[in-house]
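Visitor: Okay, here's the structure, questions in a sec.
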Amino acid sequence: MEQLVVRLGASSQESIHWLVWSSQQNEIIASGELPSAEHLATLADRAGGRPICALVPTSDILLKWVTLPAKAGRKAITAIPYMLEEDISGDINDQFFALGPKQGDKQAVAIMQKATIIAWLTIIEAAGLHCDQMLPDILALPRADEDTWSILQLGEQLLIRQDEWAGLQGEMGWLKQALNHQAKRNEGPLHISDYSGVDLTDIDNLEVISQPLELPMKVLASEAKSSKFNLLQGEFKVNNKKSGTWKKWRVAAVLAIIALSTTLIDKTIEQQRISKELTQLKELTDQEYKRAFPNSGAYRDLRRTMARQMKSLEQGGGGASMLVMLSQLESAFEESKVKPQTMRFDRKRTEIRIQVVAANFDALDTFKRQAEAQGFEVEQGAINQKDNQVVGTLSVRS
C-alpha cells in the first residue's frame, strides 16, 4: 500500500517536506519539498484519494507524563486537563489534550492549542486532502534504546528524540547548543544515534552512533507507520463511516444552523463594543506577555503568573538579577541599535543568553564595547547574515 506522508510547518509560509512511500515494497515512490502550504494541493493526485499521514512540529506541542491515582477510572482521565493547568497558558478550554501510551500509573499526554490543530486540518482540507493520522514529528524518529538520543536533520531544522515521550525540534544552531549543554551536564558520554550525518565534532562528551544515511522523510515515514499514537482524537477523531445521506444534506443542514443562529442573536451595540474591546485587550495582554517571556509556556491566571515570573527574574545568582542587568544594559542597546529577540537567564552563572538582530557586524561590536564598559563580560556565539541583517547570539555575564 502506498501512502503520502507530509511534514507541515509551524506556519503556512514554511516549506513542506513530502514523500510517497510503499510500505509493502519498502521503497520511495516519490519525494520532494514544497515552498509553502499554498502548493500542498499539487499533491492531491499523488494521494490518489487515500488518507495521508501528517507530521507536525513538536515545538507547537507539549508532551507530558501525568501520574494518575491508583486504580484510576474514567473520571481521573477527564480530570487530566486540570491536573496540568499550571503547565499550560491561556484558557484551559482553548487547549486540546490527546492521550498517548500508559505505563503503570503514568499517562502520556500531548497538549496543544485547538486553534493550531484546526489550522493544520484546514490547510490539509483546503488542498483537497484527507488526513487520518497526525503525529508530532519527533515521535516519528526511531529509538535505539533508553539511554540513546536520536537526531535527524530536516532542512534547516533538527529533530531530537530523547525518549518515548520527549524530544526537541527547532533550528539547527539552537538545538546544537542544547546538545552541548546536556553533554556537559552528563557524567558519562551522551549517546547519540545520528540519522543524518550531522557535524557534532564541536561538542565534547558525545558518543555518536552513525546510522545508515537515508532520505530524512523515509526515516520518519518508516517509524510513523508503526506508531500507534494519533493526535486526531476526541472532537478531531477521524470518522470514516460518514453517511451518504448526511453528505447529501450537509449543505442544507449547515444553512439551517446558520439561519437558526442568526435568529438567536439579540445583542445590543453597546454589548458588542464592550465584548470587542475586551477581546482586543486580552489579545494585547497575551502578545505583551509572550514578547516579555517567549519561553515561559502557557498560563491561566495572568496576575499570579506575572508575579511568579517577576519573582524568578529578581532571584539572580551572585547578588545580581536579570532585571538589574537589563537596566544596566539599556544604554548598550540604545547606542548599538541591537534588538533582542529572545532571552534566557541562567541564575547559577548570572548570565543572560540573548538572540539578537542588528543592522551589521559593527553594531554587535558596539554593543559588546558598551556592555563591557558597564563591567559585563560579553561572549559572541554563532553570527549569521540574513536578509540584510545580522542575527547572532550573545552571552552576557555579570
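The values are calculated or read from the model by the stated rules, or taken from the named source; none is laboratory data. Quick caveat, the model's predicted, so the values are computed rather than measured. Don't worry about glycine lacking a Cβ; one is built from the backbone with ideal geometry, like all the others, and counts go over all protein chains shown.
Visitor: Against the conditions (1) in contact (Cβ under 8 Å) with a residue 40 or more places away in the chain; (2) assigned by TED's automatic domain parsing to the domain that holds D60; (3) surrounded by fewer than 16 Cβ atoms within 10 Å (Cβ to Cβ), where does E223 fall short? Just the number, please.
Guide: Single failed check for E223: (3).
Visitor: For the stretch 363-387, enumerate the residues that are acidic (D, E) and more than 33 Å from the chain's Cα centre (by Cα).
Guide: Narrowing the stretch 363-387 to residues acidic (D, E): 365, 372, 377, 379, 387.
Of everything in the stretch 363-387, just one residue is acidic (D, E) and more than 33 Å from the chain's Cα centre (by Cα), namely E372.
Visitor: Restricting attention to the stretch 103-152, which residues are hydroxyl-bearing (S, T, Y), within 30 Å of E38 (Cβ to Cβ) and more than 17 Å from the chain's Cα centre (by Cα)?
Guide: T122
Visitor: Right, here's the next one. For the stretch 66-114, enumerate the residues that are among the β-branched types (V, I, T), closer than 23 Å to L232 by Cβ and touching a residue at least 12 places away in the same chain (Cβ under 8 Å).
Guide: Kept after step one, since they are among the β-branched types (V, I, T), are these residues of the stretch 66-114: 66-67, 77-78, 80, 88, 92, 109, 111.
Now drop any that are not closer than 23 Å to L232 by Cβ, which leaves 66, 77-78, 80, 88, 92, 109, 111.
Selection gives V66, I77, I80, I88, I92, V109, I111.
Visitor: Which members of the stretch 165-187 meet the condition of being charged (D, E, K, R) and either buried (at least 16 other Cβ atoms within 10 Å of the Cβ) or under 14 Å from the mean Cα position of the chain (by Cα) (or both)?
Guide: E171, K176
Visitor: Collect the residues in the stretch 26-55 that are in contact with a strand residue (DSSP E or B) (Cβ under 9 Å, 6 or more places away or on another chain) and polar (S, T, N, Q), keeping them in residue-number order.
Guide: Once the filter is applied, which keeps residues that are in contact with a strand residue (DSSP E or B) (Cβ under 9 Å, 6 or more places away or on another chain) and polar (S, T, N, Q), the stretch 26-55 yields S31, S36, T42.
Visitor: Oh, and also: Can V254 be described as among the aliphatic types (A, V, I, L, M), more than 27 Å from the chain's Cα centre (by Cα) and modelled with pLDDT under 80?
Guide: yes
Visitor: Can you work out which of the residues in the stretch 193-220 that are closer than 15 Å to W18 by Cβ and out of contact with any Phe, Trp or Tyr (no Cβ under 9 Å at 6 or more places or on another chain) is surrounded by the most Cβ atoms within 10 Å (Cβ to Cβ)? So that I can check it myself, show each step before the final result.
Guide: Quick first cut of the stretch 193-220, residues closer than 15 Å to W18 by Cβ only: 215-220.
Restricting the remaining residues to those that are out of contact with any Phe, Trp or Tyr (no Cβ under 9 Å at 6 or more places or on another chain) gives 215, 220.
Working: L215: 12, L220: 29.
Looking at residues that are closer than 15 Å to W18 by Cβ and out of contact with any Phe, Trp or Tyr (no Cβ under 9 Å at 6 or more places or on another chain), I get L220.
Visitor: Is it the case, given these coordinates, that I118 is of a type outside the set (S, T, Y) and not assigned by TED's automatic domain parsing to the domain that holds S226?
Guide: no
Visitor: Tell me, yes or no, whether the stretch 154-168 has at least one residue that is farther than 26 Å from A108 by Cα and of a type outside the set (A, V, I, L, M, F, W, C).
Guide: The answer is yes, given that some residue of the stretch 154-168 is farther than 26 Å from A108 by Cα and of a type outside the set (A, V, I, L, M, F, W, C).
Visitor: Restricting to the stretch 109-137, name every residue that is in a helix (DSSP H, G or I) and β-branched (V, I, T). Break it down stepwise before answering.
Guide: Taking the stretch 109-137 and keeping what is in a helix (DSSP H, G or I), we get 114-126, 137.
Within the stretch 109-137, T116, I117, I118, T122, I123, I124 qualify.
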